[in-house]
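Visitor: Before I ask anything, let me first share the structure, which is written out below as structure tokens.
The values are calculated or read from the model by the stated rules, or taken from the named source; none is laboratory data. Because the structure is a prediction, the values reported are computed rather than measured. Note that each Cβ is placed from the backbone with ideal geometry, even for glycine, and that neighbours are counted across all protein chains shown. Keep in mind that these areas ignore ligands, DNA and RNA; they rest on the heavy atoms of the full protein, side chains included. Shrake-Rupley method; radii C 1.70, N 1.55, O 1.52, S 1.80 Å.
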Amino acid sequence: ENEEVSSYHLGTLESSKLSGLSSSSYELSQYINGAEHGDPAPQPGHTHNAGKSPLKYSIPHAVVSFGPAGQLIRVTPGLSTQENTSKLEIHSLEVILSETQEQLEMRNFPGPLTREDLHKVDAIEFAHQKTGACMRDDTLHDKNSAALLWNLLILLCRQNAQIVGSDMAELLMQGSQADGSWESDAPTLIDFSESMAPAEAPPRRGDDLLTGNWSSFSSENSQKALQSYTQLLLAGRKKEALESAMTSGLWGHAFFLASKMDNRSYTTVLNRFTGQLTASDPLQTLFQLLSGRIPAVATCCGNEKWGDWRPHLAVMLSNETGDPAVQQKAIITMGDTLASRGLVHAAHVCYLTASVPFGVFTNKAERLVLVGSSHRQPFQYFAINSAIQCTELYEYCQTLGGKHFSIPSFQVYKFIYASRLLDCGLPSQAFHYCEVVGQAILRQREPFVVLTGEVIKLADRLRHSEGEFSEGGVSGAEREPDWLKQLRDRHHALQVISYLICFITHNFCMSRMKVFGYSNKKMSNVEEDMRHKCGFIRYH
């Protein structure tokens, strides 16, 4: 009899566990099971009558259960013979858990994030706080990339999701020069530092205008090289002149001459010129991309040999190519390489800049499900609050561009977040999330049958404790909000469609089995299986 007390109404925590949708906190689950209080194992009581089963508990004990909207209900029995009534206590989970880290983190997040209810200054402030927290967290595998991911969301939020490649390149190069991990002694045309000299001496006669490398040989040597190159051209020996120009470092002359010759000569000069640069130089990445190839760094980045990956991504984003598909594929390939090395945040920066679509948790081939978390790990470690918040902020940034943007596969995680809010004693915020998720479902064409039903159930539990949507006082709480009415109608229509599909499929299968002469026993087994799968007891 005592075992049935906790089944008063399945709380969000337990129902989420049973459905596999949520992974609530360990402390709350232990609190529900009673293990947190360290109660001794129950001892069977001594019975005086042999015909009766022994009592589970030898003395009366307190009964604790969770209410439908963030309450903790405790019933204390009367211990003395004079007390015939029990004491009922109703506590607020919001007050009990007010000092826990989980509730504090949820309070700091200004969700749900909607254009109508939230100014983007508040969203930017939250992202700044997360950036600082990432840099202070020594447990993060790549805290610089984690902070960069939040900075990317700040940039999207400030510019209403309207950014170009050069904006991203500037963000990527902030602070990347400080560690020097990607610098090399090989000649390069790109200098991302802001500490260059205010004025540089103009090139002299004989200087190499392409590479700017006029310190490698003296003016006298350059004059001799130019004279030799000129004499070979006067003699009509263009191939020898081209080789002489490349050997002497006269790359400007070499490229001009090769451009007037055949494609093979031009390709030879281009390969010789790029061969001077190290493989990890961003110029190599740029030249390979402009040539219509996937840069080598896209499949090799993320280790010490190749240095920092950010300059390579910056040079790919800030330089448009003739084929955008090659550019996007190169960035996605770089993200795949970084993800394979465990650099999840760095990979997601690549995926977001390449506009990779969001997928679902069950499909491990997907690249992006929640921003900042890998869906290849167990669900309880994947669907963490910070990843849900990060993804919701990205979704919010996209809505600032003046469009109704939503990620269909992300709505279930908003519902999970609403359940966790209720577990922490925050029913008002949880109900607001139900409203946002319900409105997003109504805008989608995909049939979210299970999610729609779960949102309706949770909203029905919470709407009686939510007095903001009605001005009619207690009596007005009986009226449903318009979005909930529409959601209920949508769910009913989906159920009818599902029933009709199962009914038609059942009749078709039965008729075909009769044609092919199946036994009555076999047909009965198939029919029972279909009834079980469709969730109906009877078809007719």
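Visitor: Given 0.36 nm per residue, what is the gain on full extension from SER340 to ASP122 after removing their alpha carbon distance, in nm?
Guide: Extra length available between SER340 and ASP122 comes to 75.0 nm.
Visitor: Also, I was wondering about something else. Would you mind getting me the FRET efficiency between SER65 and ASN385? Use the beta-carbon distance for r and R0 = 25 Å, nearest 0.05. Present the calculation step by step, with values, prior to reporting the outcome.
Guide: Details: r = 26 Å, r/R0 = 1.02.
Given R0 = 25 Å and the Cβ-Cβ separation, E is 0.45.
Visitor: Please find the FRET efficiency linking TYR499 to THR100, where r is the Cβ-Cβ separation and R0 is fixed at 51 Å, and quote it to the nearest 0.05.
Guide: For TYR499 and THR100, the calculated efficiency is 0.70.
Visitor: In whole percent, and with a 1.4 Å probe on the protein chains, what portion of the accessible area of the range 49-153 is carbon and sulfur?
Guide: The computed percentage sits at 53.
Visitor: At 0.36 nm per residue, and after removing the present C-alpha to C-alpha distance, how many nm does the segment from GLU446 to GLN231 gain when stretched out fully?
Guide: Details: separation 215, 0.36 × 215 = 77.40 nm, distance 7.38 nm.
Contour length minus Cα-Cα distance gives 70.0 nm.
Visitor: Would you grab the residues whose amide H sits under 5 Å from the one on SER92? Only those 5+ places off in sequence or on another chain, please, with H modelled 1.01 Å from N.
Guide: Amide H neighbours of SER92: LEU72.
Visitor: Give me the dipole magnitude in Debye, nearest 20, for the range 221-276 about the Cα centre, with unit charges on the beta carbon: positive for Lys and Arg, negative for Asp and Glu.
Guide: 60 debye
Visitor: Could you please put ASP142, ASP281 in sequence from largest to smallest accessible area, using a 1.4 Å probe?
Guide: ASP142, ASP281
Visitor: How many percent of the accessible area of the range 221-276 is carbon or sulfur, using a 1.4 Å probe?
Guide: Answer for the range 221-276 is 51 percent, counting heavy atoms of protein chains only.
Visitor: Given the pairs LYS364/LYS414; LYS120/LYS143; LYS238/LYS329; LYS56/LYS457; LYS305/LYS403, which are separated by over 32 angstrom at their Cα positions?
Guide: Among LYS364/LYS414; LYS120/LYS143; LYS238/LYS329; LYS56/LYS457; LYS305/LYS403, the Cα-Cα distance tops 32 Å for LYS238/LYS329; LYS56/LYS457; LYS305/LYS403.
Visitor: Rounded to whole Å and ordered largest first, report the semi-axes of the equivalent ellipsoid of the range 221-276 derived from its Cα gyration tensor (root of 5λ). Can you show the working numbers first?
Guide: On the way: eigenvalues 61, 38, 10 Å².
Square roots of five times the eigenvalues give 17, 14, 7 Å.
Visitor: Taking the simple approach of a point 7 Å from Cα along Cα-to-Cβ for both LYS457 and LYS260, what is their distance in nm?
Guide: 8.0 nm
Visitor: Per residue, how much accessible surface does the range 299-400 expose to a 1.4 Å probe? Answer in Å², no decimals.
Guide: Per-residue accessible area for the range 299-400 comes out at 38 Å².
Visitor: Follow-up. Could you report the range 221-276's accessible area per residue, 1.4 Å probe, as an integer in Å²?
Guide: 61 Å²
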